[in-house]
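**Q** Here's a structure for you.
The values are calculated or read from the model by the stated rules, or taken from the named source; none is laboratory data. All of these numbers come straight from a predicted model, not from anything done at the bench. Ideal geometry is used to build each Cβ from the backbone, glycine not excepted, and the neighbour counts take in all protein chains shown.
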Ligand code: ATP
Ligand code: MG
């Protein structure tokens, strides 16, 4: 290939070219899905390096998911013909973590601080509540945690929060919030939110640090800017404040994280924040066929709060969009997999060409089963299920304690795993001592006072436990994480423990083995500057990236994920499943026009992932917690012109004598937001308790780098008065 093949400008349209050629000063690219925003961003980076001779070290590129960050690196490498060294490209959280590690001491941490997951953060909140005598029955710890999370993302300090607190709930939060930071500091830990708020605090409080980064990062580029929240906005504003070389790209129609504090005004008011910003609009869609695009345009036109954009198709007409009614979720899954099989055989397609999207992670189960029945490999993006397993959580907690002996939550989790006769009373004694002395639990466990207060058996057991941690701690800097894990499993006889725990020990043992295999592949990325051990790298990666993907990224597999996680991606064939009232849109969205519009934007995101063929499916019945629930087609389908689709029923639905279930073309009488039939929606998906079933970590979604997402579980743990 000659140089021409790598000319980054080749093939760009005039507007794209203008954006790529933009050199200094602020710039905004506001354009619809598939118009080449991300391509412009990566091409501009290549141009900065290649043409303007900008050192990659001086470039900071922020994307929304780890996957997107990886793809960005790949695209730039392809354009340049080599890998840009020293460039910071990642999610806001990954970049924040890196900055925080470099200045951890300014926030009372050491560089190997632990990133607490949702459970750990929740436990910390519970302990602070206990201290204040706040009963979990009166105020749910989860709602307190999420109120604090909202406050942090809005950069509202504990003091400010206290001044604003009016009602009983916020007043309770105001008691807990100020004590959370000291508790985390004590454990040398941070929450996900802290990965953004603490760096901003550092940059605000230490002008020389800010100046250093402003000087280093001459060019800032942000993808998916419509989904930034206040703290992210501030982060960008601070870092770019000196040069003003900030380019953001985004699409207001794809703003889907309002429930997490994302503020669409960040993009709409960009020119106010950055006066004189160049504004570029891209109006050609290169991704999807006209049929797919027409549906996308019609769907999004229903939303009132829009800036309005033109998006023209450039591809030749393709197949019509299929709208498919199934009998139940299993039938829906079978249909999807049958279609994949047929297209694979008939059209020379590989599995990588297919993506199955859904609103909630819970929907993946029947799809996974159907894929397994056909022995099709699949990739479940954003699933944290692996890390949720008890055995994995145990061993990860051990590793966290080894890496960060101040981690109190890790200590509590493993001090009696396997059972050593160190019960709650003993732990309480250790914790009391730690509290009194202001030292970590592990430290307290060494103290003579604590030991003497314990029964002899517990005393010996505790000494042994401390010994194991110390031994592995000493080994950690010098051995691979896989080796460390093997030693750990040996030292605590974890295999025996699993056998004693239950009949599924073999499967659990397999999981332990995959953890070890995964650990063997820990790559140390540039970041050695703060002297982290392989273990520190592994833990950081595991917490930020999550969802062990057993498949290598190039393996041929079907992709399954939520629509939130699909943002920015594209696939030749896309299935959007579960278009049913109460599921998509979620039931609660009917009460709030703003939420309904956000759900519709999510639908727009889903539709615009498809390059050539789009299927939209719904089922008449869906299994939910072992119960069959009746459902009806989504209100999103009401009133759409029949000509937009090719409508059909699955074989099973047809043979069961069903009439076509969707009211499409039949006048679509029931107005949005006032549907009478919410039985399915609200009883099945609407109950609070059910939503607190532990996928919250996943829900942190792409921004955390946690490409996870039972987003609905997170939404619903927010107090309803949140904003
Ligand atoms: P989204 O809003 O979904 O993130 P986007 O605006 O970032 O979309 P890209 O992913 O950059 O869009 O581009 C969509 C597709 O169109 C990609 O496959 C990209 O390579 C292709 N594309 C972009 N610009 C052109 C062009 N000028 N000629 C041909 N293909 C293009
Ligand atoms: Mg993009």
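**Q** Just to check your reading of the model, which residue among 405, 503 is under 32 Å from the mean Cα position of the chain (by Cα) and not in a helix (DSSP H, G or I)?
**A** Numbers: 503 fails: under 32 Å from the mean Cα position of the chain (by Cα).
Within the list 405, 503, the selection yields 405.
**Q** Consider residue 593 carefully, then state whether it is surrounded by fewer than 24 Cβ atoms within 10 Å (Cβ to Cβ), closer than 22 Å to residue 309 by Cα and modelled with pLDDT under 95.
**A** Yes: the conditions hold for residue 593.
**Q** I'd like the full set of residues that are in contact with a helix residue (DSSP H, G or I) (Cβ under 8 Å, 6 or more places away or on another chain), touching a residue at least 40 places away in the same chain (Cβ under 8 Å) and within 16 Å of ligand 2 (Cβ to nearest atom), limited to the range 35-58.
**A** Result: 36, 38, 40, 41, 44, 45.
**Q** Search the range 215-240 for residues being within 16 Å of ligand 1 (Cβ to nearest atom) and in a helix (DSSP H, G or I), and hand back the single one that is farthest from residue 29 (Cα to Cα). I'd like the intermediate steps shown before the answer.
**A** Within the range 215-240, the first condition is being within 16 Å of ligand 1 (Cβ to nearest atom), and the residues that meet it are 221-228.
Filter again for in a helix (DSSP H, G or I), leaving 225-227.
Working: 225: 10, 226: 11, 227: 14 Å.
Filtering the range 215-240 for residues that are within 16 Å of ligand 1 (Cβ to nearest atom) and in a helix (DSSP H, G or I), the one farthest from residue 29 (Cα to Cα) comes out as 227.
**Q** Still on this structure, please answer the following. From the list 10, 61, 33, 19, which one is assigned to a loop (DSSP other than H, G, I, E, B), buried (at least 22 other Cβ atoms within 10 Å of the Cβ) and either within 15 Å of ligand 1 (Cβ to nearest atom) or within 27 Å of the chain's Cα centre (by Cα) (or both)? Don't jump to the end; show me each part of the working.
**A** On the way: 10 fails: buried (at least 22 other Cβ atoms within 10 Å of the Cβ); 61 fails: assigned to a loop (DSSP other than H, G, I, E, B); 19 fails: assigned to a loop (DSSP other than H, G, I, E, B).
Result: 33 is the single residue among 10, 61, 33, 19 that is assigned to a loop (DSSP other than H, G, I, E, B), buried (at least 22 other Cβ atoms within 10 Å of the Cβ) and either within 15 Å of ligand 1 (Cβ to nearest atom) or within 27 Å of the chain's Cα centre (by Cα) (or both).
**Q** Confirm whether residue 109 is touching a strand residue (DSSP E or B) at 6+ places or on another chain (Cβ under 8 Å) and in a helix (DSSP H, G or I). Spell out how you get there, then give the answer.
**A** Numbers: touching a strand residue (DSSP E or B) at 6+ places or on another chain (Cβ under 8 Å): yes; in a helix (DSSP H, G or I): no.
No: the conditions fail for residue 109.
**Q** Check 544, 472 and return the single one that is buried (at least 16 other Cβ atoms within 10 Å of the Cβ) and at pLDDT below 95. Full working, then the answer.
**A** On the way: 472 fails: at pLDDT below 95.
It is 544.
**Q** So, in the range 136-163, how many residues would count as being touching a helix residue (DSSP H, G or I) at 6+ places or on another chain (Cβ under 7 Å) and farther than 20 Å from residue 233 by Cβ? It would help to see each step written out before you state the result.
**A** The first filter runs over the range 136-163 and keeps only residues touching a helix residue (DSSP H, G or I) at 6+ places or on another chain (Cβ under 7 Å), leaving 136, 139, 141-142, 144-145, 147-148, 151-155, 158, 161-162.
Now restrict to residues that are farther than 20 Å from residue 233 by Cβ: 136, 139, 141-142, 144-145, 147, 158, 162.
Matching residues across the range 136-163 total 9.
**Q** Scan 276, 261 and give me the residue that is touching a helix residue (DSSP H, G or I) at 6+ places or on another chain (Cβ under 8 Å) and either over 15 Å from residue 601 (Cβ atoms) or within 16 Å of ligand 2 (Cβ to nearest atom) (or both).
**A** On the way: 276 fails: touching a helix residue (DSSP H, G or I) at 6+ places or on another chain (Cβ under 8 Å).
The unique qualifying residue is 261.
**Q** Being at negative phi and out of contact with any helix residue (DSSP H, G or I) (no Cβ under 6 Å at 6 or more places or on another chain) narrows it down to one residue among 499, 471, 493; which is it? Talk me through it step by step, then tell me what you get.
**A** Numbers: 499 fails: out of contact with any helix residue (DSSP H, G or I) (no Cβ under 6 Å at 6 or more places or on another chain); 493 fails: at negative phi.
Unique residue meeting the criteria: 471.
**Q** Considering the range 630-648 alone, what residues qualify as being more than 29 Å from the chain's Cα centre (by Cα) and free of Cβ contacts under 8 Å to residues at least 60 places away in the same chain?
**A** We begin by selecting, within the range 630-648, every residue more than 29 Å from the chain's Cα centre (by Cα); these are 630, 632, 638-648.
Those that are more than 29 Å from the chain's Cα centre (by Cα) and free of Cβ contacts under 8 Å to residues at least 60 places away in the same chain: 630, 632, 638, 639, 642, 643.
**Q** Take residue 607 and tell me if it is closer than 23 Å to residue 287 by Cβ, within 16 Å of ligand 2 (Cβ to nearest atom) and at pLDDT 95 or above.
**A** Taking the combined requirement at face value, the residue satisfies it.
**Q** Then there's this: In the range 241-261, how many residues are crowded, with 24+ Cβ neighbours inside 10 Å and more than 15 Å from ligand 1 (Cβ to nearest atom)?
**A** Qualifying residue count for the region: 1.
**Q** If we keep just the residues of the range 205-214 that are assigned to a helix (DSSP H, G or I) and either touching a helix residue (DSSP H, G or I) at 6+ places or on another chain (Cβ under 7 Å) or at pLDDT below 95 (or both), which is nearest to residue 107 (Cα to Cα)?
**A** We begin by selecting, within the range 205-214, every residue assigned to a helix (DSSP H, G or I); these are 205, 207-214.
From what's left, either touching a helix residue (DSSP H, G or I) at 6+ places or on another chain (Cβ under 7 Å) or at pLDDT below 95 (or both): 209-210, 213-214.
Values: 209: 13, 210: 15, 213: 17, 214: 20 Å.
It comes out as 209.
**Q** Out of all the residues in the range 301-324, which are modelled with pLDDT under 95 and under 18 Å from residue 636 (Cβ atoms)?
**A** 301, 302, 303, 304, 305, 306
**Q** Continuing with the same structure: Given the criteria in contact with a strand residue (DSSP E or B) (Cβ under 8 Å, 6 or more places away or on another chain) and either assigned to a helix (DSSP H, G or I) or within 16 Å of ligand 2 (Cβ to nearest atom) (or both), does residue 249 qualify?
**A** Details: in contact with a strand residue (DSSP E or B) (Cβ under 8 Å, 6 or more places away or on another chain): yes; either assigned to a helix (DSSP H, G or I) or within 16 Å of ligand 2 (Cβ to nearest atom) (or both): yes.
It is true that residue 249 is in contact with a strand residue (DSSP E or B) (Cβ under 8 Å, 6 or more places away or on another chain) and either assigned to a helix (DSSP H, G or I) or within 16 Å of ligand 2 (Cβ to nearest atom) (or both).
**Q** Which members of the range 562-575 meet the condition of being within 14 Å of the chain's Cα centre (by Cα) and within 16 Å of ligand 2 (Cβ to nearest atom)? Steps first, please.
**A** The first filter runs over the range 562-575 and keeps only residues within 14 Å of the chain's Cα centre (by Cα), leaving 562-568.
Within the range 562-575, 563, 564, 565, 566, 567, 568 qualify.
**Q** Across the range 566-577, what is the number of residues that are away from ligand 1 (no atom under 13 Å from the Cβ) and crowded, with 24+ Cβ neighbours inside 10 Å?
**A** So the count comes out to 3.
**Q** Of all residues being in a loop (DSSP other than H, G, I, E, B) and under 18 Å from residue 566 (Cα atoms) in the range 262-288, which is farthest from ligand 1 (Cβ to nearest atom)? Just the residue, please. Steps first, please.
**A** So in the range 262-288, the residues in a loop (DSSP other than H, G, I, E, B) come out as 263-264, 269, 274-277, 283, 286-288.
The next check asks that each one be under 18 Å from residue 566 (Cα atoms); those that pass are 286-288.
Numbers: 286: 3, 287: 4, 288: 9 Å.
Here the answer is 288.
**Q** Would you point out which residue out of 28, 12 is closer than 16 Å to residue 220 by Cβ, modelled with pLDDT of 95 or more and within 16 Å of ligand 2 (Cβ to nearest atom)?
**A** Details: 12 fails: closer than 16 Å to residue 220 by Cβ.
None of the others qualify; the one that does is 28.
**Q** Would you confirm whether or not the range 228-237 contains a residue that is under 23 Å from residue 603 (Cα atoms) and either buried (at least 20 other Cβ atoms within 10 Å of the Cβ) or away from ligand 2 (no atom under 16 Å from the Cβ) (or both)? Walk me through how you get there before you give the answer.
**A** Our first condition is that a residue be under 23 Å from residue 603 (Cα atoms); within the range 228-237, this holds for 228-229.
Retained after the next criterion (residues that are either buried (at least 20 other Cβ atoms within 10 Å of the Cβ) or away from ligand 2 (no atom under 16 Å from the Cβ) (or both)): 228-229.
Yes, some residue in the range 228-237 is under 23 Å from residue 603 (Cα atoms) and either buried (at least 20 other Cβ atoms within 10 Å of the Cβ) or away from ligand 2 (no atom under 16 Å from the Cβ) (or both).
**Q** Oh, and also: Could you please find all residues in the range 289-308 being touching a helix residue (DSSP H, G or I) at 6+ places or on another chain (Cβ under 7 Å), in contact (Cβ under 8 Å) with a residue 60 or more places away in the chain, part of a loop (DSSP other than H, G, I, E, B) and closer than 21 Å to residue 37 by Cβ?
**A** Passing the criteria: 303, 305, 307.
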